[in-house]
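Notes follow once the structure below has been shown.
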Amino acid sequence: MQLEQVKHIGVMGGGVMGGGIAQVLALAGYTVSIRDLTEALLTETRAEIEERKWSVKRAVERGKLGFDQALGAMSRVQYTTEVRNLAGCDLIIEAIPEKLELKQQVFAELDDIVKPNAIFATNTSGFVVAEVFARIGAERKRAALGMHFSNPVPVMTMCEVVYTPDTSETAIDIARGVAEKAGRAVSLVKDTPGTYGFILNRVFAAAYREAKKIVDDGIATPEDIDRAMITGRNWPAGFFGRRGGIGKQW
């Protein structure tokens, strides 16, 4: 498969993260099918895309998006509870909860259902990518990698493309191309066994450890550290106060 052949993308798991991924891909012109467990969960995901804080509706109201663009994007998003409706997708992006065994189970199921030349991507924020794909076939592993988006996806433009020793250059190029078409700034990352996190979370975790040591040593208060990072580095939030995250907003 080549980049220009990617037309239909499946997103496994909705909510804030899956909905955000679907939203930016639909705005990029892709047909997107979101699969979740229940109609109620899909209704929540539709609300994230169409109505809530980072939705296309709010983007139109802020003058960031044209009305016709918003309508076009919403029309390209499909919602389903049936895994088989992802069978013909060219790329599958998994955005389910951070439970390694669950991710492995989902990809094993998809391996049996989705067309053989499709690319598999996990949005894990830190699991070793090769371990996520431990239960798929050897040939499929050549088209399997990480695509880690940052929340909220419509606002934070990062995408870490994480490749394993099995991942082909073609798969890397396609993942990078799709992400860039969706307006993401792509960083390539080598999958590393025995670690958790890629660039973003490992660097943040190291910085947090140092910030906590500054507090523990009595050098500065949590409030002063957060104030320094927010005003001195232009961070939207510091280490100790209210932060965003999956299911949260800044």
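Could you list all residues from region 146-186 that are assigned to a loop (DSSP other than H, G, I, E, B) and closer than 24 Å to VAL60 by Cβ?
Once the filter is applied, which keeps residues that are assigned to a loop (DSSP other than H, G, I, E, B) and closer than 24 Å to VAL60 by Cβ, region 146-186 yields SER150, ASN151, PRO152, VAL153, PRO154, VAL155, MET156, THR157, ALA182, GLY183, ARG184.
When you scan region 150-161, do you find a residue that is surrounded by fewer than 21 Cβ atoms within 10 Å (Cβ to Cβ), β-branched (Val, Ile, Thr), within 30 Å of SER55 (Cα to Cα) and without any contact (Cβ under 8 Å) to a residue 12 or more places away in the chain, even just one?
Among the residues of region 150-161, not one is surrounded by fewer than 21 Cβ atoms within 10 Å (Cβ to Cβ), β-branched (Val, Ile, Thr), within 30 Å of SER55 (Cα to Cα) and without any contact (Cβ under 8 Å) to a residue 12 or more places away in the chain, which makes the answer no.
If you check PHE204 against the conditions, is it in contact with a Pro (Cβ under 9 Å, 6 or more places away or on another chain), closer than 21 Å to HIS148 by Cβ and either surrounded by 12 or more Cβ atoms within 10 Å (Cβ to Cβ) or at pLDDT 95 or above (or both)?
No: the conditions fail for PHE204.
HIS148 passes all but one of (1) under 15 Å from the mean Cα position of the chain (by Cα); (2) not assigned by TED's automatic domain parsing to the domain that holds THR122; which number fails?
(2)
Can you name the residue in region 116-166 that is of a type in the set (Asp, Glu) and out of contact with any His (no Cβ under 9 Å at 6 or more places or on another chain) and, of all such residues, is farthest from VAL16 (Cα to Cα)?
Of everything passing the filter in region 116-166, GLU139 is farthest from VAL16 (Cα to Cα).
Restricting attention to region 167-201, and to residues there that are surrounded by 13 or more Cβ atoms within 10 Å (Cβ to Cβ) and of a type in the set (S, T, N, Q), which single residue is modelled with the lowest pLDDT?
Checking each candidate, the answer is ASN201.
Conditions (1) more than 23 Å from ALA175 (Cβ to Cβ); (2) in contact (Cβ under 8 Å) with a residue 24 or more places away in the chain; (3) outside the structural domain of VAL178 (by TED's automatic domain parsing); (4) surrounded by fewer than 16 Cβ atoms within 10 Å (Cβ to Cβ), marked per residue:
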position: ILE9; (1), (2), (3), (4): no, yes, no, no
position: GLY13; (1), (2), (3), (4): no, yes, no, no
position: GLY20; (1), (2), (3), (4): no, yes, no, no
position: GLY29; (1), (2), (3), (4): no, yes, no, yes
position: VAL32; (1), (2), (3), (4): no, yes, no, no
position: GLU48; (1), (2), (3), (4): yes, yes, no, no
position: VAL60; (1), (2), (3), (4): yes, no, no, no
position: GLY66; (1), (2), (3), (4): yes, no, no, yes
position: SER75; (1), (2), (3), (4): yes, no, no, yes
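Of the residues GLN5, GLN105, which is polar (S, T, N, Q) and either within 24 Å of GLY183 (Cβ to Cβ) or surrounded by 18 or more Cβ atoms within 10 Å (Cβ to Cβ) (or both)?
GLN5
The values are calculated or read from the model by the stated rules, or taken from the named source; none is laboratory data. Because the structure is a prediction, the values reported are computed rather than measured. Neighbour counts run over all protein chains shown; Cβ positions are idealised from the backbone, glycine included.
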